[in-house]
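The values are calculated or read from the model by the stated rules, or taken from the named source; none is laboratory data. Keep in mind that what you see is a predicted model, and the values were worked out from it rather than measured. Note that each Cβ is placed from the backbone with ideal geometry, even for glycine, and that neighbours are counted across all protein chains shown.
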Amino acid sequence: MKLRSLVISLTLLAAFASDSWGQSKRPPSSSEAASKQNTQTTTSDQRGTENMPLAVKILPGEKTTADTAKEKYEAEEKPSLDRALSAYTGWLAIFTAALFFAAAIQVGLFLWQLRLIQAASKDTRDAADAAKLNAQAVIDAQRAHLFVAVVQHDVIETIQAGNQGRHDPSIEKTKMHAPV
């Protein structure tokens, strides 16, 4: 950034310095001023004459065979080619419009397909959840279960049989429920 600023500054300095050095620093003498005024008056007198006209008039030259062939082409063949080109441009516009409508239909079908995929993914998610619940039910059904079967209904006799004669009166107060 600094280098760029330096280069621009030096370029501007050189431009202004060369412009000021090119101008004369001493005032012109009276003889130089008079001769300069005489040359200006003489040159101003010649302007607008035949030797030094204000505008240059260009006269057309002779036509060559290439020029005549070009004029003939522009007069005869070029209009028919221009009409054909405009007809082809019209067909191109029609086909471009057809492509646009085909693309618009494809976008609509794409959006419709996205909605169908979303609905299918919801159904798939529901089916996966149901399969998971079913698998858990199968696991629960196949698991081993332990049930206590009471052969004797008399709790005291069962406890006495289990204790082999040793009796604990606190056990008698405990109520035993039937298996579920």
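Details
Condition check ((1) in a helix (DSSP H, G or I); (2) modelled with pLDDT under 65; (3) of a type in the set (Gly, Ala, Ser)) across all residues:
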position: LEU92; (1), (2), (3): yes, no, no
position: LEU99; (1), (2), (3): yes, no, no
position: ALA103; (1), (2), (3): yes, no, yes
position: LEU111; (1), (2), (3): yes, no, no
position: GLN118; (1), (2), (3): yes, no, no
position: ASP126; (1), (2), (3): yes, no, no
position: ALA131; (1), (2), (3): yes, no, yes
position: THR174; (1), (2), (3): no, yes, no
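- Pair list, Cβ < 7 Å and 6+ apart or interchain, from the stretch 114-127 residues that are surrounded by 10 or more Cβ atoms within 10 Å (Cβ to Cβ) to residues that are assigned to a helix (DSSP H, G or I): none
- Restricted to the stretch 68-85, and to residues there that are surrounded by 10 or more Cβ atoms within 10 Å (Cβ to Cβ) and small (Gly, Ala, Ser), the residue that is nearest to the chain's Cα centre (by Cα) is ALA84.
- For first residues located in the stretch 47-67 and surrounded by 10 or more Cβ atoms within 10 Å (Cβ to Cβ), partners that are at pLDDT 75 or above and not in a loop (DSSP other than H, G, I, E, B) and lie 6+ apart or on another chain with Cβ distances below 9 Å form the pairs LYS63/GLU71.
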